[in-house]
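The values are calculated or read from the model by the stated rules, or taken from the named source; none is laboratory data. What you are looking at is a predicted structure, and each value in this text was computed from that prediction instead of being measured. Every residue, glycine as well, gets a Cβ built from its backbone with ideal geometry; the counts of neighbours run over all protein chains shown. For accessibility, only protein heavy atoms count, side chains too; no ligands or nucleic acids. Shrake-Rupley method; radii C 1.70, N 1.55, O 1.52, S 1.80 Å.
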Amino acid sequence: MLKPRPTTTRELVNLDGLWRFAVADADVREPWTGTLETQLEAPVPASYNDLFTDQKIRDHVGWVWYQRTVRVPRGWAGERVLLRLDAATHEGKVYVDDVLVARHVGGYTPFEADITDHVTPGGEFRLTVGVNNELTSETIPPGSITATRDGRRQQTYLHDFYNYAGLARSVWLYSKPRRHISDITIVTGVIGQTGIVDYSVTASHETGVRVCAIDAAGHEVATAHGSSGTLAIDSVNLWQPGAAYLYDLVVELVEGNEVIDSYTEPFGVRTLEVRGTEFLINGKPFYFTGFGKHEDTAVRGKGHDNAYLVHDFQLLDWVGANSFRTSHYPYAEEVLEFADRHGIVVVDETAAVGLNLGVQGGLTGIGPKPTFSPETFNHETQAAHAQHLREVIARDKNHPSVVMWSIANEPASNEEGAREFFEPLVKLARELDPTRPLTYAAVMFATFQNDKIADLFDVLSINRYYGWYVFTGDLATAEQYLEADLRGWVEAFGKPVMMSEYGADTMPGQHSVWDMPWSEEYQQSYLTMNHRVFDRIDAFIGEHVWNFADFQTSNGIHRVDGNRKGIFTRDRKPKAAAHTLRARWTGLAGTKPSANQTAAPDNEKTTTSSVHALEGAK
Ligand code: BDP
C-alpha cells in the first residue's frame, strides 16, 4: 500500500489539527449524520484518553466522533480524490457528509476511501470519523468487554500497555490520476559491486511503465521499462546499519510521451540472510543492540509526534543502540522512514500481543481456559491476525530498515493448538514476503522443551525476566537459570537466538548499596548479569532491553503510573542504567560485545533465595 506523496501527478493535503470531538452515547445514531453538537475539540494526531479531565472520557468503551470541514482543492477536477487515515484505533468509520465511505478494523494500519463521487473540487464537505476502542476475541490485539454491576462497560485486555485510542496518526486528503499506479514492490540483492533491484508495479489500467533509479546526489543510475523487471546499479552504495544510503525509484505510467501517473518510492540496497546461528546483513553478521519501544508520551498517548521521533532517535544514537522492535504493533510510517534515513534496524512487530490466556495463570502459564479453542481464540481470531499481517507487510515491505517480521508477542506457544494457529500465519507471511526472516517473542512459560512453534521460525526471540518476576533480587540464581534457559534454546533448535525483552522496573532517584529491586543500581546490576550470560553464548545475536522508556499501563497494583522498566523516564531522562548500556554498546557497530567488557560487578551476590511463585507476579 503506497503512502500518499506529492508527485508531479499527485497532490496532498494534510488534515491534522483540532477537530470537533464527542463521545458517543450508548444509543449512538447509525449511520452518523449531521453536525456534531459539542464543546470539545481534540487534536489529530493524538490519542484522546489523556486530553480531558473527565474520567468518563478516559474510561469510555465504544465509539467517539471526530469531525471537521474539508475543502477539496479546486484544481482536482478530473482526478480521483481520496481520504487516507494512517490509523483509527481500533476501528474506524468514515463519513463524507451523510455517506459512509469506509470502515476498517485494526488500529495500527492505514486505510483509504475513494470519495471522488461524493465531493466537488473547490467545494467543502463535512468529514466525520467514528473511532471505536473495543477489543474482542475477533480483534488483534484481543480483549473482552465486561459489564459492572451498575451497568458500565469495561474493557479488559491481555497486554499491560494502556489501550490508547483515537486518531493517533495523520489524516490526509490526496489526489491521484484516474489511471494510476496502485502498488510497487522492491526487492534488492547484491552481486559483487552491483546492486540488483527487482521491482514490480501494479496499476489500475494497462499502460506502459517506466522506472528509474536515482542516487542520493540526484543522478539517474539505472532505468527499465515494463511492469516488472530488474535494475542493475553499478558501484552500488549499500544501505547499512549505522550508514544508511537511499535511492529513489521513480515509477511512471506512460502513454506515448505523456506521463499519466508518477510515484517516487525511496529504497535501500541491502541483503538479509539467516545462516546457521548468524543473522547477516549485507553478508556480515549483525548483533542487535537496542530496545523494545512503545509509541507513548504524556498527554498525547500514542499520538505520533515528530519532536519525540527526533529525540528518541538521538537517544538511540547516544546510547549506542543500532535497532529496536516495534513492540507491540506496527508504528507510524514516519518512524520507519526515519529509521530508513538514519540506518537504524527495525524488527517490525504485528499487533498480535496477548494471544495468551496463561499469563495470569500462575507457575504453569496455563490459564483456567485454553488459549486456542472455539470458545477462546479461534478461526475468527486467526482470520483477523492474517488480515492484519497482510496489511502490515503491504505497508512496510519496501523499508530497508525492516529486517525481520515479528508476528506475535508472547503467544501461548506452549499450549495445545498453538501450531495449528500459527503454522498457516507463518506460511502466509512467507508468501507475502519471501525475503525477510520471521520471529515471534517467546513468553517465559514457553520453554525450549514445551514450545510448539519455534521450529517454524528463523530467529528465536526470547522474553525473560530472571531477577525480576522470578528470583527477584537474587541475581546469582537468576544468572544460572537464564544461562540454562538460553543454552537450551540454542541446543534444541540450532537457530540464532536473541533476547527480545529483559528488564527491571526502576524508580529514578531510588538508590541502594544492595541488590534492591526498583533502585537504579539494581537495574544496572540486572542488565550486567544478563550481559555476562549473553556474552558466553556463541549463537546469541542480540539484546533488546525492555523498555526504551517508561510507558503508561492499565490500572494495576504492580504499576506506579505505568511500567517503569524504561532506561529513560517517560519524558526521556536517562536513568543510571542508560550509562551502563552506553558503556557497553558505544562503538560496537553491530558486532558482538566481547566477554571481557562485562566483568562481574562488586556487589554481585552469591547467596540464593527461594523461587518466587510467578502467580500474581505481574
Ligand atoms: C512482557 C510483555 C511486555 C510487558 C513486560 C513487563 O511482553 O509487554 O510490558 O512483560 O511486564 O511479558 O514489563
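Some points to look at:
- Residues of the stretch 528-573 satisfying the condition of being closer than 17 Å to Gln314 by Cβ and hydrophobic (A, V, I, L, M, F, W, C): Phe548, Ala549, Ile567, Phe568
- Count - residues of the stretch 485-527 that are in contact (Cβ under 8 Å) with a residue 12 or more places away in the chain, over 30 Å from Leu272 (Cα atoms) and either among the hydroxyl-bearing types (Ser, Thr, Tyr) or within 16 Å of the ligand (Cβ to nearest atom) (or both): 11
- Test for Asp602: is it at pLDDT below 95 and either surrounded by 21 or more Cβ atoms within 10 Å (Cβ to Cβ) or away from the ligand (no atom under 16 Å from the Cβ) (or both): yes
- No other residue among Leu432, Leu482, Leu438 is more than 20 Å from Phe324 (Cβ to Cβ), away from the ligand (no atom under 16 Å from the Cβ) and either modelled with pLDDT of 95 or more or of a type outside the set (Phe, Trp, Tyr) (or both) apart from Leu432.
- Residue in the stretch 454-468 that is away from the ligand (no atom under 16 Å from the Cβ), within 13 Å of Met529 (Cβ to Cβ) and of a type outside the set (Lys, Arg) present: no
- Of all residues in the stretch 452-478, those satisfying the criterion of being among the charged types (D, E, K, R) and open to solvent by 20 Å² or more (accessible area, probe 1.4 Å) are Lys452, Asp455, Asp458.
- Of all residues in the stretch 469-479, those satisfying the criterion of being more than 15 Å from the ligand (Cβ to nearest atom) and either free of Cβ contacts under 8 Å to residues at least 60 places away in the same chain or not in a helix (DSSP H, G or I) (or both) are Phe471, Gly473, Asp474, Ala478, Glu479.
- Restricting the stretch 109-142 to residues that are open to solvent by less than 10 Å² (accessible area, probe 1.4 Å) and within 16 Å of the ligand (Cβ to nearest atom), the residue that is farthest from Leu355 (Cα to Cα): Leu135
- Residues that are near the ligand (Cβ under 10 Å from one of its atoms) and open to solvent by 50 Å² or more (accessible area, probe 1.4 Å), drawn from the stretch 551-583: His558
Here's the yes/no breakdown for (1) at pLDDT 95 or above; (2) in a loop (DSSP other than H, G, I, E, B); (3) open to solvent by less than 10 Å² (accessible area, probe 1.4 Å); (4) in the same structural domain as Val345 (by TED's automatic domain parsing):
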residue: Gln360; (1), (2), (3), (4): no, yes, no, yes
residue: Lys369; (1), (2), (3), (4): no, yes, no, yes
residue: Glu380; (1), (2), (3), (4): yes, no, no, yes
residue: Ala394; (1), (2), (3), (4): yes, no, no, yes
residue: His399; (1), (2), (3), (4): yes, yes, no, yes
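This table checks each residue for (1) modelled with pLDDT under 95; (2) assigned to a loop (DSSP other than H, G, I, E, B); (3) crowded, with 17+ Cβ neighbours inside 10 Å; (4) within 22 Å of the chain's Cα centre (by Cα).
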site: Ile260; (1), (2), (3), (4): no, no, yes, no
site: Tyr263; (1), (2), (3), (4): no, no, yes, no
site: Pro266; (1), (2), (3), (4): no, no, yes, yes
site: Val269; (1), (2), (3), (4): no, yes, yes, no
site: Gly290; (1), (2), (3), (4): no, no, yes, yes
site: Glu295; (1), (2), (3), (4): no, yes, yes, yes
site: Val299; (1), (2), (3), (4): no, yes, no, yes
site: His304; (1), (2), (3), (4): no, yes, yes, yes
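- Check on Arg536, more than 13 Å from the ligand (Cβ to nearest atom) and either surrounded by 18 or more Cβ atoms within 10 Å (Cβ to Cβ) or more than 25 Å from Gly358 (Cβ to Cβ) (or both): yes
- Among the residues of this structure, Asn409 counts as one that is open to solvent by less than 10 Å² (accessible area, probe 1.4 Å) and in contact with a Ser or Thr (Cβ under 9 Å, 6 or more places away or on another chain).
- Pairs, first in a strand (DSSP E or B) and more than 12 Å from the ligand (Cβ to nearest atom) in the stretch 321-335, second small (Gly, Ala, Ser) and at pLDDT 95 or above, C-beta under 8 Å, six or more apart: Ser323/Gly290; Ser323/Gly542; Phe324/Gly290; Phe324/Gly292
- Which numbered condition His544 fails, given (1) farther than 15 Å from Thr289 by Cβ; (2) within 16 Å of the ligand (Cβ to nearest atom); (3) outside any loop (DSSP other than H, G, I, E, B): (1)
- In this structure, Asn322 does not satisfy being open to solvent by 10 Å² or more (accessible area, probe 1.4 Å), in contact with an Asp or Glu (Cβ under 8 Å, 6 or more places away or on another chain) and modelled with pLDDT of 95 or more.
- The single condition among (1) closer than 16 Å to Pro411 by Cα; (2) crowded, with 16+ Cβ neighbours inside 10 Å that Val346 does not satisfy is (1).
- Residues within the stretch 211-231 that are buried (at least 16 other Cβ atoms within 10 Å of the Cβ) and closer than 20 Å to Leu246 by Cα, tallied: 9
- Of all residues making up the stretch 243-253, the number that are in contact with a strand residue (DSSP E or B) (Cβ under 9 Å, 6 or more places away or on another chain) and open to solvent by 20 Å² or more (accessible area, probe 1.4 Å): 4
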